[in-house]
1. Within the range 313-335, restricting attention to residues that are surrounded by 20 or more Cβ atoms within 10 Å (Cβ to Cβ) and in contact with a helix residue (DSSP H, G or I) (Cβ under 9 Å, 6 or more places away or on another chain), which residue is nearest to V161 (Cα to Cα)?
2. Could you tell me which residue of the range 111-150 is farthest from W177 (Cα to Cα), considering only residues that are among the polar types (S, T, N, Q) and in contact with a strand residue (DSSP E or B) (Cβ under 9 Å, 6 or more places away or on another chain)?
3. Filter the range 149-158 down to residues that are out of contact with any Gly (no Cβ under 9 Å at 6 or more places or on another chain) and not in a strand (DSSP E or B) and give me whichever is surrounded by the fewest Cβ atoms within 10 Å (Cβ to Cβ).
4. When the residues of the range 1-29 are narrowed to those that are modelled with pLDDT of 90 or more, in contact with a Cys (Cβ under 9 Å, 6 or more places away or on another chain) and part of a loop (DSSP other than H, G, I, E, B), which ends up nearest to Y115 (Cα to Cα)?
5. Counting only residues that are assigned to a helix (DSSP H, G or I), hydrophobic (A, V, I, L, M, F, W, C), over 16 Å from P30 (Cβ atoms) and out of contact with any strand residue (DSSP E or B) (no Cβ under 6 Å at 6 or more places or on another chain), how many does the range 277-302 have?
6. Out of contact with any His (no Cβ under 6 Å at 6 or more places or on another chain), surrounded by fewer than 22 Cβ atoms within 10 Å (Cβ to Cβ) and at pLDDT below 95, is that true of S50?
7. Restricting attention to the range 237-253, does a residue exist that is farther than 23 Å from L60 by Cβ and out of contact with any Lys or Arg (no Cβ under 8 Å at 6 or more places or on another chain)?
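The values are calculated or read from the model by the stated rules, or taken from the named source; none is laboratory data. Since the structure is predicted, the reported quantities are computational estimates derived from the model, not experimental observations. No Cβ is skipped: glycine too gets one built from the backbone with ideal geometry, and neighbour counts run over all protein chains shown.
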Amino acid sequence: MFAPAGLSIFAEMTALAQRYGALNLAQGFPEFGPDPELVAAFHRALDAESAQYAPMPGLLRLREAVAADQVLRNHIAYDPQHEITVVPGATVGIFSAIQALCGPGDEVILLEPAYDSYHPAVVMSGAAPVAVSLECALGRVGINWDALASAVSERTKMVVVNTPHNPTGMLWTHQDWAKLATLIPDSALVLSDEVYETMVFDGASLASPHHHPSLRHRSLRALSFGKTYHVTGWKLGVVLAPEHLSLRLRTAYQFIAFSASTPAQHAVADFLELRPDYPKLLADFFQAKRDLLAASLADSGFQTLHSAGSYFLLVDYSAVSDRSDREFAEQLTREAGVATVPLSPFFRIPPGEHQMIRLCFAKNDATLREAGHRLSTWK
């Protein structure tokens with residue numbers, strides 16, 4: 001049985017930010033709203049016949065729009081009928097996939113630091129989570145292949161990957177996927193959390209397990225419309241998987257949530273059809289914000305780590321304080337007026353050597369400049 005762990009660190013730091021009136025660079029939500037055309041599409045959906053349940057796998061027109069979008073941007077073809085499932089947020093999709101595909105006797109490898117929903121999802125499935133720490137060197141985060149290889153066993157049922165990665169901004173490459181394919185048993189599955197898949201920087205492109213021939217038939221991808229379109233409150237995402245895995249996913253999902261918001265599905269389908277170019281604009285948009293925040297911290301004593309994607313920036317504060325990351329994050333919220341997230345809650349057993357905090361740069365430019373100023377002048 002899963003033992004409740006209390007409030008997540010994101011809710012905890014957001015509450016602290018509200019208490020002290022701090023700028024909230026802690027919780028990963030955009031400070032700005034969606035495109036007006038998307039909002040107009042939502043209003044149109046409310047006026048249409050959208051008050052009842054959508055079909056369990058999602059509106060077919062939305063699944064068809066997603067298929068067209070994936071061909072356009074990522075050059076991956078999907079059958080809208082059998083390989084695309086609309087879910088009320090990627091977290092629900094990830095949870096449903098783990099419940100459907102893993103169980104007692106199985107092991108699920110989690111690469112840490114890892115988003116906090118993965119571990120409880122594995123535990124509630126009856127499977128055993130196996131933590132493997134990523135490695136940090138020369139200001140960049142990468143995969144510890146030796147540790148990953150040691151963690152693989154005949155009981156390995158699934159490896160959960162997050163790319164672009166929260167909280168580090170690390171990006172998996174095609175070479176990484178090819179190497180993973182050689183390490184895991186042929187029976188093992190891959191669950192790729194790609195909610196930040198439109199936010200890949202510095203001219204790079206997304207590499208997914210569905211690009212790799214030996215992983216295509218045994219991997220699932222979870223995407224988020226909430227992240228892409230700045231509508232996290234709509235709780236809408238999709239899981240892309242081959243038909244046999246989609247069938248298993250839907251078998252569990254129908255008893256977990258059954259369907260996602262009907263008007264939100266209509267609105268996103270309209271917007272995908274009207275603005276197919278929109279997701280391609282996000283890389284430059286968020287890269288500029290990453291660069292702005294990093295530049296504002298250049299003379300602060302904080303060392304920023306390279307973020308290749310997502311909308312997060314890791315900061316090493318070891319030259320500024322010797323406090324634990326949680327203590328330091330709370331201190332910054334109270335004294336500097338900037339709320340951040342400590343890195344240790346992303347680990348089941350935090351390594352002692354890390355002195356890092358995560359900053360979210362999905363904020364207005366004025367907020368990022370002010371946050372940089374406050375952190376740079378804080379003593």
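1. L313
2. Selected residue: S125.
3. Per the criteria, the residue is E154.
4. A26
5. Count: 1.
6. no
7. no
Rundown of residues vs (1) assigned to a loop (DSSP other than H, G, I, E, B); (2) under 18 Å from the mean Cα position of the chain (by Cα); (3) assigned by TED's automatic domain parsing to the domain that holds D106; (4) surrounded by fewer than 14 Cβ atoms within 10 Å (Cβ to Cβ), yes/no style:
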| residue | (1), (2), (3), (4) |
| --- | --- |
| A147 | no, no, yes, no |
| V160 | no, yes, yes, no |
| P164 | yes, yes, yes, no |
| T168 | yes, yes, yes, no |
| S192 | no, yes, yes, no |
| G203 | yes, no, yes, yes |
| L206 | yes, yes, yes, no |
| K227 | no, yes, yes, no |
